[in-house]
C-alpha cells in the first residue's frame with residue numbers, strides 16, 4: 001500500500017450534484033431553486049431564527065430576568081492568594097498596585113478580599129471591599145484591613 005494508491009471504500013463517496021449546467025443535466029434552468037422569490041436570488045441569506053414566516057421562538061417566548069445596571073462587580077481575591085504573595089514575593093503591604101503588578105487584577109478592576117484560606121503573617125491590606133470573616137482573620141494576625 002502506498003499513499004498514491006489510497007482511495008475511499010467503494011460506495012462511500014458520491015459525486016456532487018452539479019446544478020445550473022444546462023437543461024440536459026436535468027438540473028438547469030432554475031437550478032433546483034424553484035421560480036422567483038427571495039430564495040431563488042443570488043445573495044439570499046435567511047436570518048438566524050427565521051421560521052418561514054411563523055412567529056419565531058425568540059418572539060414567542062416572553063422576556064425574563066432583570067439586569068441591575070447599578071451592580072458593582074468586584075474581582076474576588078482570597079486570603080490564600082495573599083499568603084502566596086507574602087511567601088513568594090516578600091511583600092508587607094498588599095494594595096491594588098501590588099495585585100495589578102502580580103497579574104491578579106486588571107487595570108480598572110475593583111477588588112474584594114474573601115476569607116478562603118488562611119493567612120499566617122502580619123500584613124497591611126488595602127482593597128475596595130472585604131468580607132467580615134476576612135477582616136477578622138487579617139486582624140487576628142495583627143494585620144490591618146483598609147478600605148479604599
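Computed from the coordinates by the stated procedures, all read-outs in this text should not be read as laboratory data. All of these numbers come straight from a predicted model, not from anything done at the bench. A quick note on method: Cβ atoms are made from the backbone with ideal geometry, for glycine too, and the neighbour counts reach across all protein chains shown.
Taking label positions 7 Å along the Cα-Cβ direction at both residue 7 and residue 128, the computed distance is 6.7 nm, reported to one decimal. Taking the DSSP bridge list for region 74-147 and keeping only pairs wholly inside it, about 0 percent are antiparallel. Calculated FRET efficiency, residue 73 to residue 101, Cβ-Cβ distance, R0 = 30 Å: about 0.90 to the nearest 0.05.
Classified by the C-alpha gyration tensor, region 74-147 has an oblate form. Its axis ratio a/c, with a ≥ b ≥ c, is 1.5 or above, and a/b does not exceed b/c.
Would you kindly state how much longer the chain becomes between residue 16 and residue 136 on full extension, computed as 0.36 nm times their sequence separation minus their alpha carbon distance, in nm to one decimal?
36.0 nm
Taking every DSSP beta bridge with both residues inside the chain, roughly what % is antiparallel (nearest 5)?
Values: 1 of 14 bridges.
Of all bridge pairs located within the chain, approximately 5 percent are antiparallel.
Given R₀ = 25 Å, what would the calculated FRET efficiency be for residue 35 paired with residue 59, taking r from the Cβ atoms and rounding to 0.05? It comes to 0.25.
Residue exposure proxy: 144, 96, ordered by other Cβ atoms within 10 angstrom of their Cβ from fewest to most, comes out as 144, 96.
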